[in-house]
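Since the structure comes first, as structure tokens, the remarks are kept for the end.
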Amino acid sequence: LRVAVLASGRGSNLQALVDARDAGDLAIDIVGVFSDRAEAPVLERARRAGIRATSLAPAGFARRAAFDAALFAAVDHVQPHLIVCAGYMRLISSAAVRRHLGRMINIHPSLLPQYPGLDTHARALADGATEHGASVHFVIPALDAGPVIAQARVPVLPDDDAAALSQRVLAREHALLVRSVALIADGRIDCDGGHVRLDRSPL
Ligand code: GRF
């Protein structure tokens, strides 16, 4: 399975995919990493792993759709079967999403449908949530609203602040993302027009 990764920051989820691939646990070829931030550490991680890394600055574009057209032209050029948004922090225009429907997934740090959008850990704490986690889902035009592939749950502990909670969630994200990509690579799940077909429970 040819996989492209979109990421804006640290890249620990990319690293998890690289490590699983290197360990022989994930039958994927990571054909490119794309970022909207030239200084994102994920780019260096990619290059260290021998993956072509590309960044494109949104500032050079007047409209989101124009930026996405350029970004996804580069992504499409590497002919991915699957696009993984792993800490990609920009909204993607619906035209670009629609063109890749069923072929793009995202990892989001909440138990969707709870807490779509930003600051999920702080919002969960402010609500007094007792449980929190992360979700991997297919991307549809509505933000963080696509069909969920798999989730990981963690408890919220009494002394948690957003940093502690986000660390506990992140520690579970890596295996969650690897498992979700493996389900797709193994042909056990796919998504047709926003409707997920699972041939067996992933759990
Ligand atoms: C993760 O928490 C992911 O769920 C969120 O952004 C963070 C990315 O972390 N969307 P990393 O860049 O993969 O380390």
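Nothing in this text is a laboratory measurement; each read-out follows from the coordinates by a stated rule. Computed from a prediction, not measured in an experiment: that's the story for all the values here. As a convention, Cβ positions derive from the backbone with ideal geometry for all residues, glycine included, and neighbour counts pool all protein chains shown.
Only helical DSSP H runs with n ≥ 4 go in: add -39500 (n - 2.57) per run for the chain, normalise by residue count and round the 222 nm mean residue ellipticity to 500 deg cm²/dmol.
-10500 deg cm²/dmol
Applying D = kT/(6 pi eta Rh) to the chain, where Rh is the Kirkwood radius over alpha-carbon pairs, T corresponds to 37 °C and eta to 0.692 mPa s, the Stokes-Einstein value obtained is 191 µm²/s. Mean sequence separation of contacting Cα pairs (under 8 Å, at least six apart), scaled by the length of the chain, corresponds to a relative contact order of 20 percent. Of the beta bridges in the chain, as assigned by DSSP with both residues counted there, near 50 percent are antiparallel. Against the chain, whose longest principal axis comes from its Cα atoms, helix 64-77 is set at around 70 degrees.
Distant-in-sequence amide contacts of SER55, defined by a placed amide H-H separation under 5 Å and a gap of 5 or more residues or a different chain, comprise SER35.
The angle between the Cα long axis of helix 162-185 and the main principal axis of the chain comes to about 50°, on a 0 to 90 degree scale. For LEU6, the shell of other residues with beta-carbons less than 9 Å away shows a net charge of 0, using +1 for Lys and Arg and -1 for Asp and Glu. Extents of region 36-87, taken as max minus min of Cα coordinates on every principal axis and listed largest first, are 33, 27, 17 Å.
Counting charges near LEU143 (Lys, Arg +1; Asp, Glu -1) among other residues having Cβ under 15 Å from its Cβ returns a value of +1.
Remark: spin-label model distance THR130-PHE61 equals 4.5 nm, labels positioned 7 Å along the Cα→Cβ axis.
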